[in-house]
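Heads up, the thing below is written out as C-alpha cells.
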Amino acid sequence: YNGLILVSGEILDTEFINLGTFDILIMSNIIHEIIPDGTTSDKGREAVVSSAIARAGDLLNPEGQLVILDGLRPDKDEMEMRVVFSDPKVTDLFELFAQEYHGFPIKKARLAGNTYATRLKDLAAFLTKARYMGEKYWPIESTQIYQYFTAAQFTLSLHASGLATERLEPQEFDQEHLRKVFHQIEPDVVMPAKNVLVVARKRISSD
C-alpha cells in the first residue's frame with residue numbers, strides 16, 4: 001500500500017523514538033516475547049512488561065489507543081488444586097509437559113490414576129503451552145512464561161504510563177475443550193483464560 005512503512009526491531013531499543021507518534025498501536029503476543037532469557041524473578045519480568053507498556057505510551061498521540069493481546073496471569077495463581085484428567089493420554093501429556101517445560105518448575109503430585117495435586121499457575125501453563133510440544137519452536141516456547149501480569153497489574157502499569165483502560169476482557173477457553181482435558185477440578189474455580197484483550201487510551205495531559 002502507498003505510504004505503508006514497515007520497521008523491524010526491538011520495542012525497547014531507542015530506534016523506535018524516531019518513528020513519531022500514532023493513533024493506534026497494536027501489540028499482539030509481543031510483550032511476553034521480549035522478556036530476556038534468564039529473567040527468573042517476578043519483579044524482573046514485571047519491570048520489562050512495564051517498560052514495554054511505557055514505551056508504547058510514548059508512541060501514541062493524545063487520545064491514541066493501545067491494543068494488547070497477550071497472556072493473563074490468574075489471580076491467586078499459587079492456589080493448590082486437585083484435578084482429575086479426562087483420560088490417560090492427557091495424564092501422559094501432563095507428565096511430559098512437566099518434564100520439558102522450563103519457564104518455572106511445574107508442581108505435580110500424582111495421587112491416584114489420573115488424579116493430581118497441582119497449582120492454578122501450572123494448569124494455566126499446561127493449557128496454553130502444551131499444544132506447542134513437538135513443534136519446531138517448542139524449545140523457545142518451553143522457556144517462556146505466558147502468564148506474567150494479572151488484570152490488576154495490567155491496569156496499574158497502563159495507568160502509570162498515562163493510559164486509561166477502556167476494555168480488559170479475558171478470552172476464555174471453550175468449555176468443550178476443558179471437558180476434554182479435565183474430568184474433575186477442585187476447588188470449583190473459573191479456569192485460567194487463554195489470553196486477554198486490553199484496550200487503553202492515552203490520556204490528554206492536564207499541564
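Some notes on this structure:
- For A130, the conditions (1) of a type in the set (G, A, S); (2) within 22 Å of M79 (Cβ to Cβ); (3) in contact (Cβ under 8 Å) with a residue 40 or more places away in the chain all hold with the exception of (3).
- I31 being open to solvent by less than 20 Å² (accessible area, probe 1.4 Å) and modelled with pLDDT under 90: yes
- Checking the stated criteria, I140 turns out not to satisfy the condition of being in a loop (DSSP other than H, G, I, E, B) and of a type in the set (A, V, I, L, M).
- Matching entry among A52, A98 (being among the small types (G, A, S) and within 15 Å of K121 (Cβ to Cβ)): A98
- Strands (runs of 3 or more DSSP E) wholly inside the range 18-107 that include at least 1 residues being farther than 26 Å from L6 by Cβ: 80-85
- Single residue of the range 104-121 satisfying the filter (in contact (Cβ under 8 Å) with a residue 24 or more places away in the chain and surrounded by 18 or more Cβ atoms within 10 Å (Cβ to Cβ)) that is nearest to I145 (Cα to Cα): K121
- Residue under evaluation Q99, criteria (1) over 21 Å from T150 (Cα atoms); (2) open to solvent by less than 20 Å² (accessible area, probe 1.4 Å), criterion not met: (2)
The values are calculated or read from the model by the stated rules, or taken from the named source; none is laboratory data. Quantities reported herein were computed from a predicted structural model and do not represent experimental measurements. Glycine gets a Cβ as well: all are built from the backbone with ideal geometry, and neighbour counts include every protein chain shown. We work out accessible area using only protein heavy atoms, side chains counted, and drop any ligands, DNA or RNA first. Shrake-Rupley method; radii C 1.70, N 1.55, O 1.52, S 1.80 Å.
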